[in-house]
Every structure is written in structure tokens, then in C-alpha cells.
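First comes the structure, then the notes that go with it.
The values are calculated or read from the model by the stated rules, or taken from the named source; none is laboratory data. Treat the numbers as computed from the prediction; the structure is a model and nothing was measured. We place every Cβ from the backbone using ideal geometry, glycine too, and count neighbours over all the protein chains shown.
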């Protein structure tokens, strides 16, 4: 556990990004929109295991990984990332929800992933104080932008960065992800478990999986 904590800290230091603690009310409406936590990782249920933090840092440096806060100039790139994942991971009809999210709800907790000056991913988190949960919002990566080995490394770095931002909120809330059957095993590897399934809930052949991760164990 200590090695994991140091690994996360080293990644944050490497990226020169301090986690930002937002106001409790971020303006998200997770129960109304799939934007609450549309997640596309395309990790095929795999997750990289590194013997030491130095290995992960080495790969991050070699690939020139940078994570920054989203701004309006990134909007068209995010839309293209979304389209690259249709129809396998998203229904194209969800594009309006994405645009609504980017225009109204994307705040300092929504991040953009850049490798070698190319935007290839995005995602963030929000806080629902009323329901006492965190949510993961619009995590997705441009399909076929990297080889499998690099992709697994980068997706692991990015998701760990988001998880560290959530931990820095210092709230004992569970984390919810609304995803599909295609990513269930992936999020099992990050400590999430499935608590609800809605058949075709996100479109044809895209079942809605509600997955939960506890930050504070009973």
C-alpha cells in the first residue's frame, strides 16, 4: 500500500500538477445524464503492473505525458475522441450530452491528456454532496492513437491521476461509474464492483453497468 501511495505521488510530481479541491457543489446533475460517468478506456480488462514506481515514471517521461485542465480550445478535440469510440463504446446520440457537459459543467476537475503535443484523452470527477458520492465523468481515449503497450501504460497513469484527485478531496464518499459491459473487467482491476445492470441501457448492445468503489472500507 505504501508503494502504491508513493507511486501516485511520484506521478503527480512528474506531471507538475497539484490536485485541486473544488467547492462542494460543482453543478453536475449525474442522475439526469449519462455524463455523470461515461467511461471509455478500451483496456480490454487489463492493467499494467509495475515492480517499482520508477518504471511507471520512466514510461511517462519517455512518452512526454502531460495532464492539464480542460478549456474551450480543447472542445473539438474531445468531440473527435468521442466519435472515434462510436459505435462500439458510445452511441452517437450521446454527442448532445457531451456538448452540454463541456459547455456547462466542465470545471477544474475535468482534465485533458496530452502525449507528444497531441490530445488523446480526457476525463474528470465530480462531487455529489447530497448523495455523498464521487462520480467519474467522460473518461475516454482516442481509439487507435497508441499501440496496446503504450495505451495500457497511459490509461493507467491517467486514471491513477483522477483517483488521486478524488482522494485529495478528503471525503469518505464512494465512487460511482456508469459504464458498459465492455469495461466491467477493467474497473474490477481498479477496485470497482458491479451493483446494477440495465440491459441496453446505453443503446443497442451497450448495457448500462453501475459500478462502485469504496474509499473507506467497513
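For segment 81-93, taking the residues that are in a helix (DSSP H, G or I) and free of Cβ contacts under 8 Å to residues at least 60 places away in the same chain, the one that is surrounded by the most Cβ atoms within 10 Å (Cβ to Cβ) is identified as 82. It is to be established whether one or more residues within segment 134-152 are on the phi > 0 side of the Ramachandran plot and at pLDDT 95 or above. The answer is yes; a qualifying residue exists. Selection over segment 194-206 of residues that are in contact with a strand residue (DSSP E or B) (Cβ under 7 Å, 6 or more places away or on another chain) and exposed (fewer than 15 other Cβ atoms within 10 Å of the Cβ) gives a count of 4. Based on what the data block shows, is residue 126 closer than 16 Å to residue 74 by Cα and in contact with a strand residue (DSSP E or B) (Cβ under 9 Å, 6 or more places away or on another chain)? Answer is no for this residue.
As an exercise: evaluate residue 191 against (1) touching a strand residue (DSSP E or B) at 6+ places or on another chain (Cβ under 7 Å); (2) surrounded by 16 or more Cβ atoms within 10 Å (Cβ to Cβ) and give the number of the one condition it does not meet. Evaluating residue 191 over (1) touching a strand residue (DSSP E or B) at 6+ places or on another chain (Cβ under 7 Å); (2) surrounded by 16 or more Cβ atoms within 10 Å (Cβ to Cβ) leaves (2) as the failure. Taking segment 173-188 as the range and being in contact with a strand residue (DSSP E or B) (Cβ under 8 Å, 6 or more places away or on another chain) and either crowded, with 17+ Cβ neighbours inside 10 Å or under 24 Å from residue 130 (Cβ atoms) (or both) as the test, the residues that pass are 173, 174, 175, 176, 177, 178, 179, 180, 183, 184, 187.
To keep it simple, each residue is scored yes or no on (1) at pLDDT below 90; (2) part of a loop (DSSP other than H, G, I, E, B); (3) touching a strand residue (DSSP E or B) at 6+ places or on another chain (Cβ under 8 Å).
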site	(1), (2), (3)
31	yes, yes, no
74	no, no, yes
79	no, no, no
95	no, no, no
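The single condition among (1) within 14 Å of the chain's Cα centre (by Cα); (2) under 22 Å from residue 131 (Cα atoms) that residue 170 does not satisfy is (1). The strands (runs of 3 or more DSSP E) found wholly in segment 141-214 and carrying at least 3 residues that are over 21 Å from residue 111 (Cα atoms) and without any contact (Cβ under 8 Å) to a residue 40 or more places away in the chain occupy 193-198, 208-213. Looking at 103, 107, 116, can you tell me which residue is surrounded by fewer than 22 Cβ atoms within 10 Å (Cβ to Cβ), out of contact with any helix residue (DSSP H, G or I) (no Cβ under 7 Å at 6 or more places or on another chain), in contact (Cβ under 8 Å) with a residue 24 or more places away in the chain and closer than 29 Å to residue 170 by Cα? The conditions single out 107. Being touching a helix residue (DSSP H, G or I) at 6+ places or on another chain (Cβ under 6 Å), buried (at least 18 other Cβ atoms within 10 Å of the Cβ), modelled with pLDDT under 95 and not in a helix (DSSP H, G or I) is a condition met by at least one residue of segment 43-58. Quick check on segment 158-165. Is at least one of its residues over 11 Å from the mean Cα position of the chain (by Cα) and surrounded by fewer than 18 Cβ atoms within 10 Å (Cβ to Cβ)? Looking through segment 158-165, at least one residue is over 11 Å from the mean Cα position of the chain (by Cα) and surrounded by fewer than 18 Cβ atoms within 10 Å (Cβ to Cβ).
In segment 132-147 there is at least one residue matching the filter, namely being more than 28 Å from residue 77 (Cβ to Cβ) and either touching a helix residue (DSSP H, G or I) at 6+ places or on another chain (Cβ under 7 Å) or surrounded by fewer than 16 Cβ atoms within 10 Å (Cβ to Cβ) (or both).
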